[in-house]
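This report refers to the structure that appears directly beneath it.
The values are calculated or read from the model by the stated rules, or taken from the named source; none is laboratory data. All figures in this text were calculated on a predicted structure; none of them were measured in a lab. Here the Cβ positions follow ideal geometry from the backbone for every residue, glycine too, while neighbour counts run over all protein chains shown.
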Amino acid sequence: MKDSSFLWYDKPASVWTQALPIGNGTLGGMIYGKVEEETVSLNHDELWTGHPKNTIRPGSLEAFQKARALALDGKLRESQNIIESDFMSTWSQAYLPLGDLVLTFDGSDRKSDYIRSLDLDTAIASVSYRQGKRIMRRELFASHPDKVIAVRLICENGKFDVTASLRCQLHHKVKSQSGLLVMSGEAPSEHNTNGQSDKQSYSKVDSERGMLFTCAVKADTDGKKHISGKEIEITGATVVTLYLTAETSFNGWQNNAFTNGKPHLEPCIERLSKDFDYEAVKMAHIADYRALYSRVELDIGSNGKNNIPTGKRLRNFKKDKNDIALYTLLFNFGRYLAISSSRPGSQPSTLQGIWNEKLCPPWHSNYTVNINTEMNYWPVLPCDMPEINEPLIEMVRDLSVAGERTAKEMYGMHGFAAHHNVDIWRMTTPVGGCAVWAFWPMSPGWFCEHIFAHYEYTMDEKYLRETAYPIMKKSAEFYCDYLVEDKDGYLIAAPSTSPENNFVLNGSNCAVSQTTTMTMSIIRELFENCIKASDILGEDKEFAEILKDKLKNMLPFKIGKKGQLLEWYNEEKESEIHHRHCSMLYGLHPAHLITADGTPELADACRRSLEIRGDDGTGWSLGWKINFWARLRDGNHALKLFDQQLRFKASTGMNYSHGGGTYENLFDAHPPFQIDGNFGAVSGVCEMLLDCFEGKIYLLPALPDKWSEGSVRGLLAKGNIKVDMTWSGGKLTSYSLTGNGEAHIVYGGQETVHRLDGGTLTVEL
C-alpha cells in the first residue's frame with residue numbers, strides 16, 4: 001500500500017522541514033529536490049563541538065550536603081538557591097552540521113511533471129521532472145554496507161551538465177585530491193553561545209582541541225569530468241553517479257580529537273578508491289535496510305490516498321480523518337527514522353536523530369535524557385530491531401564510567417551519576433541554569449529500565465551478565481546512597497525535582513522538593529529489576545537482599561485530593577497545570593509499577609492526572625500521552641492524541657507553547673523539530689496492539705474503534721516471542737506466536753498458556 005509507505009510531493013522543498021531525510025546511522029542527508037540547484041544537507045553523527053574536560057564544579061559536594069539538609073528540614077527555597085548558586089556546572093556541547101552537497105544543473109528552473117519522493121520500503125529518495133524533451137531523474141540513498149551517500153543522476157532524451165561542490169559553515173578547505181573532491185575542516189573547541197547566537201566562535205586561546213573532519217566526493221559518469229580545486233564539473237552526460245563519504249577524528253569520549261584523534265582523511269580516500277557498481281551498491285543497501293524494516297508490517301486499512309501529495313494529505317487530515325493509512329504512514333516513517341539514525345557502531349540518536357542544519361541548534365541537539373533520548377528508543381524492541389539499541393547501550397556503558405567521578409566528587413556516593421544533558425564527550429554533570437531542568441540525577445536509573453528491557457525482549461543471558469547487570473548494579477549503588485529517611489521513617493531521595501516542572505511555594509515557583517514521585521518510581525523499578533536479574537543469573541544474592549530491605553521502607557505512591565497521583569512529596573499547587581511533562585506517571589509508562597488490572601486505584605489516579613494535565617502538548621508530550629492512554633486500556637483516547645500529533649505545522653521556529661504536531665516532511669514538531677515525537681508515536685501504536693509484563697502478553701489491549709479491521713505481523717514481545725495478529729469488527733480473529741518456552745496470552749480477560757518449541761503456533765478464534 002503506497003499510501004502507507006510512500007512520501008511524495010509535487011514541488012521542491014523550500015525549507016529544511018520540507019526536505020526528505022536519508023541516513024545510515026552515521027551519515028545523514030536532507031534532500032530538497034530543487035531543479036536548478038539541488039542541495040543535500042549533510043550530517044555526520046560524530047561531528048560535535050568540544051573536547052574532553054572535567055566539568056565538576058569545585059565545592060559541589062559541600063553544596064549538595066547543605067542542599068540536602070535544607071530540603072529535609074522543609075526549607076525548599078533555600079535548598080534550591082544553594083543548588084543553583086554553588087552546584088551547577090557548564091553547558092553541554094553541540095551537535096553540528098557537516099555541510100552541503102550542492103549540485104548546479106544547466107538550464108532553468110522550469111519543469112513539469114515534478115515528483116519528489118521517499119520510498120520507505122527501499123529507503124531511497126527520488127526526484128523526477130521534465131525539461132522540454134528531457135526527462136531528469138535522481139536517486140539518493142545512504143548505504144550502511146558501503147558507508148556512502150549515493151546520488152545517481154539520469155537524463156533521458158538528451159544530455160545534461162552538472163557541477164558538484166561542497167560548502168560548510170565551519171572552518172574548512174576544499175581541494176582536489178586522488179581524483180576526489182575533498183573538504184577538510186575543524187569544529188570549534190567549545191560551544192559557548194547556549195542558543196543565544198547563530199554563530200559558533202573559534203578561540204585562539206583554546207587551540208588544538210577542536211574535532212577535525214573530512215568529507216569526500218567521487219564522481220562516475222559517461223560525460224566529460226573535470227575536478228578543480230573547488231568543484232567537479234561534468235558536461236555532456238546521460239548518467240552521473242556521486243559517492244559521498246565522511247569521517248571525523250573523534251577517537252572516543254576520553255581522547256582529544258585534535259591531538260589524539262583517529263585518521264579521517266585516509267579512510268575517506270580509501271573507501272572511495274574502489275570501483276563501485278551502482279546497482280550492486282543499491283541492492284546491498286536495500287537488502288541491509290529491509291532486513292530490519294520488513295520485520296514488522298501493519299495494515300489497518302487504506303483509503304487510496306496515494307494519489308494525493310503527502311503534505312496535502314497532512315493538511316487535509318484536520319477535516320478528513322478517514323485517511324486511515326496516514327496513521328500507518330507515520331508508524332512506518334518512524335521505523336524508517338530509527339533505522340536511518342541509529343546503527344551498531346554509530347552514536348545514538350540525538351534530539352534530531354542525525355539531522356541538523358544549524359550551527360547552534362535548539363538545545364544543542366544533544367542527548368536530553370530526562371525523557372527525550374529514552375523515547376527515541378521506545379519502539380526499537382517491540383518493532384523487533386534490537387540491533388538499533390546498541391548505540392544507546394554503548395553510551396550508557398560510557399556513562400557508567402564517566403559518571404563515577406561525578407557520583408564521588410559531587411555527591412560523595414558510590415556507583416555513577418548523570419543528569420539531564422549528555423553529549424558525545426559523555427558529560428555527566430548538571431548543566432548551568434536552573435534546578436528545574438538541570439538538577440536531576442535520575443537518567444542512569446531510567447537508562448537501566450531500557451537496558452534491562454533489552455534482556456527481557458531478547459532473553460540474551462550473556463548480555464545480561466556481562467553488560468546490563470553490572471551497569472544496573474552500579475546505578476543502584478548510587479541510589480542506595482542517595483536514599484535517606486524522612487520524618488516518618490520512609491526512605492526518600494532528597495532533594496529531588498520533577499523534570500522541568502515547578503510548583504507554587506509562597507507565591508512563586510519552586511522546583512526542589514523533599515522527593516518526587518518520578519524519582520521514587522525510577523529507583524523502585526531499578527531495585528526490582530536488579531533483584532530479578534540477580535535471580536536469573538543466580539548471583540549477587542547479598543546485594544539483592546539489601547535492595548529488598550530498602551524497597552520495604554520506600555515512600556509509597558500518594559493520591560491527592562482531586563484523585564490524582566501526586567507529583568511532589570506534598571500536595572502542592574501546580575504552577576503550570578497543563579505542563580508538557582507528566583513525569584509522575586513514569587510508573588505507568590514506561591514502567592509497569594502501575595497497571596490497569598494489578599493496581600486499579602493507582603491507575604485511576606493516573607487517569608485523573610492526565611485529565612487534569614489536559615490533552616494538548618508539545619510533539620513528544622503528545623507521543624508520551626498516547627502511550628499512557630494505551631496503558632490505561634483506552635485506545636480511543638490514545639487515538640485522539642495521535643490525531644493531535646498529526647496536526648499540520650508550518651516551520652515556525654521555536655514555539656512549543658503553541659502545541660505540537662507534524663511538519664510537511666512528517667518530522668515531529670515540538671516545535672521546533674524533535675525526533676522523539678516520531679518515535680513516541682510508533683511506540684504508542686505498539687502499546688495499543690500489544691502489552692507485555694509480569695510474564696503475560698496482552699493482545700489488542702487498547703485497540704481503537706476506528707481501527708476495527710486490520711492485521712500486524714512481526715511485533716516482538718518480552719520473552720523473545722514474535723507475534724502476528726489479525727482482527728475484524730474490533731475482535732481478534734487469529735494470532736501466531738514464534739519462539740520458545742511458555743507464552744501466557746491474555747485477550748478479552750481470558751488467559752491461555754501455549755508451549756512453544758521454536759516454530760510458529762497459530763490460533764484461530
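Looking at the structure I just gave you, is TYR463 of a type in the set (Phe, Trp, Tyr) and without any contact (Cβ under 8 Å) to a residue 24 or more places away in the chain?
yes
Given (1) surrounded by 15 or more Cβ atoms within 10 Å (Cβ to Cβ); (2) among the hydroxyl-bearing types (Ser, Thr, Tyr); (3) under 30 Å from MET211 (Cα atoms), identify the lone condition not met by THR259.
(1)
Has the range 37-45 got any residue that is surrounded by fewer than 16 Cβ atoms within 10 Å (Cβ to Cβ), under 30 Å from ASN306 (Cα atoms) and modelled with pLDDT under 95?
Within the range 37-45, none of the residues are surrounded by fewer than 16 Cβ atoms within 10 Å (Cβ to Cβ), under 30 Å from ASN306 (Cα atoms) and modelled with pLDDT under 95.
Any residue at all in the range 623-630 that is at pLDDT below 95, surrounded by 24 or more Cβ atoms within 10 Å (Cβ to Cβ) and over 20 Å from GLY710 (Cα atoms)?
No, there is no match, as no residue in the range 623-630 is at pLDDT below 95, surrounded by 24 or more Cβ atoms within 10 Å (Cβ to Cβ) and over 20 Å from GLY710 (Cα atoms).
Working only within the range 139-189, note down all residues that are among the polar types (S, T, N, Q) and touching a His at 6+ places or on another chain (Cβ under 7 Å).
SER143, SER184, SER189
Of the numbered conditions (1) touching a Gly at 6+ places or on another chain (Cβ under 6 Å); (2) closer than 14 Å to LEU690 by Cα; (3) free of Cβ contacts under 8 Å to residues at least 40 places away in the same chain, ASN720 satisfies every one except a single condition; which is it?
(3)
Within the range 61-94, how many residues turn out to be part of a helix (DSSP H, G or I), charged (D, E, K, R) and out of contact with any Pro (no Cβ under 9 Å at 6 or more places or on another chain)?
Total meeting the criteria: 6.
Examine the range 8-26 for a residue that is surrounded by 21 or more Cβ atoms within 10 Å (Cβ to Cβ), among the acidic types (Asp, Glu) and either over 21 Å from ARG315 (Cα atoms) or touching a residue at least 60 places away in the same chain (Cβ under 8 Å) (or both), and state whether such a residue exists.
no
Take the conditions small (Gly, Ala, Ser), within 20 Å of PRO391 (Cα to Cα), buried (at least 24 other Cβ atoms within 10 Å of the Cβ) and under 20 Å from the mean Cα position of the chain (by Cα) and apply them to ALA453. Does it pass?
Details: small (Gly, Ala, Ser): yes; within 20 Å of PRO391 (Cα to Cα): yes; buried (at least 24 other Cβ atoms within 10 Å of the Cβ): no; under 20 Å from the mean Cα position of the chain (by Cα): yes.
No.
Would you check which residues across the range 417-462 are farther than 20 Å from ILE83 by Cβ and of a type in the set (A, V, I, L, M, F, W, C) and list them?
Narrowing the range 417-462 to residues farther than 20 Å from ILE83 by Cβ: 423-426, 446-462.
Within the range 417-462, ILE424, TRP425, TRP446, PHE447, CYS448, ILE451, PHE452, ALA453, MET459 qualify.
Working only within the range 558-570, note down all residues that are in a loop (DSSP other than H, G, I, E, B), within 32 Å of the chain's Cα centre (by Cα) and of a type outside the set (Phe, Trp, Tyr).
Within the range 558-570, LYS558, GLN564, LEU566, GLU567 meet the criteria.
Per-residue answers, yes or no, for (1) in contact with a Lys or Arg (Cβ under 7 Å, 6 or more places away or on another chain); (2) surrounded by fewer than 20 Cβ atoms within 10 Å (Cβ to Cβ); (3) farther than 30 Å from LEU212 by Cα; (4) touching a residue at least 60 places away in the same chain (Cβ under 8 Å):
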residue	(1), (2), (3), (4)
GLU84	no, no, yes, yes
GLY99	yes, no, no, yes
ILE115	no, yes, yes, yes
ASP121	no, yes, yes, yes
ALA125	no, no, no, yes
GLY132	no, yes, yes, no
LEU140	no, no, no, yes
THR163	no, yes, no, yes
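Of everything in the range 663-713 that's of a type in the set (Asp, Glu) and under 20 Å from PRO590 (Cβ atoms), which residue is surrounded by the fewest Cβ atoms within 10 Å (Cβ to Cβ)?
Result: GLU694.
Are any of the residues in the range 181-199 surrounded by fewer than 19 Cβ atoms within 10 Å (Cβ to Cβ), over 26 Å from VAL281 (Cα atoms) and over 31 Å from the mean Cα position of the chain (by Cα)? Before you say what the answer is, go through the steps one by one.
Of the residues in the range 181-199, the ones surrounded by fewer than 19 Cβ atoms within 10 Å (Cβ to Cβ) are 192-199.
Still in the list and also over 26 Å from VAL281 (Cα atoms): 192-199.
Adding the requirement that they be over 31 Å from the mean Cα position of the chain (by Cα) leaves none.
Checking the range 181-199: not a single residue is surrounded by fewer than 19 Cβ atoms within 10 Å (Cβ to Cβ), over 26 Å from VAL281 (Cα atoms) and over 31 Å from the mean Cα position of the chain (by Cα).
For the range 1-35, name all the residues that are among the aliphatic types (A, V, I, L, M), assigned to a strand (DSSP E or B) and closer than 29 Å to GLY107 by Cα.
LEU7, LEU20, ILE22, MET30, ILE31
Matching residues to (1) modelled with pLDDT of 95 or more; (2) under 32 Å from the mean Cα position of the chain (by Cα); (3) closer than 27 Å to ARG137 by Cβ:
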position: SER207; (1), (2), (3): no, no, no
position: PHE213; (1), (2), (3): yes, yes, no
position: ALA216; (1), (2), (3): yes, yes, yes
position: ASP220; (1), (2), (3): yes, no, yes
position: GLY223; (1), (2), (3): yes, no, yes
position: GLY229; (1), (2), (3): no, no, no
position: VAL239; (1), (2), (3): yes, no, yes
position: THR248; (1), (2), (3): yes, yes, no
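Tally up the residues in the range 336-350 that are surrounded by fewer than 24 Cβ atoms within 10 Å (Cβ to Cβ) and closer than 30 Å to ASN303 by Cα, please.
Residues meeting the conditions: 0.
What number of residues within the range 403-444 are out of contact with any Leu (no Cβ under 8 Å at 6 or more places or on another chain) and among the aromatic types (Phe, Trp, Tyr)?
Total satisfying the criteria: 4.
Here's the yes/no breakdown for (1) more than 28 Å from GLY739 (Cβ to Cβ); (2) aliphatic (A, V, I, L, M); (3) in contact with a strand residue (DSSP E or B) (Cβ under 9 Å, 6 or more places away or on another chain):
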{"residue": "LEU298", "(1), (2), (3)": "no, yes, yes"}
{"residue": "PRO309", "(1), (2), (3)": "yes, no, yes"}
{"residue": "ALA338", "(1), (2), (3)": "no, yes, yes"}
{"residue": "ASN356", "(1), (2), (3)": "yes, no, yes"}
{"residue": "ASN366", "(1), (2), (3)": "yes, no, yes"}
{"residue": "ILE371", "(1), (2), (3)": "yes, yes, no"}
{"residue": "ASN376", "(1), (2), (3)": "no, no, yes"}
{"residue": "CYS383", "(1), (2), (3)": "no, no, yes"}
{"residue": "PRO386", "(1), (2), (3)": "no, no, yes"}
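Restricting the search to the range 714-756, which residues are buried (at least 17 other Cβ atoms within 10 Å of the Cβ) and among the acidic types (Asp, Glu)?
Within the range 714-756, ASP724 is the sole residue that qualifies.
Only one of these conditions is not met by PHE478: (1) touching a Leu at 6+ places or on another chain (Cβ under 7 Å); (2) more than 20 Å from TYR367 (Cα to Cα); (3) crowded, with 22+ Cβ neighbours inside 10 Å. Which number is it?
(1)
Taking the range 413-443, which residues are over 16 Å from MET472 (Cβ atoms) and not in a loop (DSSP other than H, G, I, E, B)?
ASN421, VAL422, ALA435, VAL436, TRP437, ALA438
Would it be correct to say that ARG613 is of a type outside the set (S, T, N, Q), free of Cβ contacts under 8 Å to residues at least 40 places away in the same chain and surrounded by 22 or more Cβ atoms within 10 Å (Cβ to Cβ)?
Values: of a type outside the set (S, T, N, Q): yes; free of Cβ contacts under 8 Å to residues at least 40 places away in the same chain: yes; surrounded by 22 or more Cβ atoms within 10 Å (Cβ to Cβ): yes.
Yes; evaluated as a whole, the condition is true for this residue.
Out of curiosity, is ALA71 buried (at least 21 other Cβ atoms within 10 Å of the Cβ), more than 31 Å from the chain's Cα centre (by Cα) and more than 30 Å from ILE424 (Cβ to Cβ)?
On the way: buried (at least 21 other Cβ atoms within 10 Å of the Cβ): yes; more than 31 Å from the chain's Cα centre (by Cα): yes; more than 30 Å from ILE424 (Cβ to Cβ): yes.
Criteria met by ALA71.
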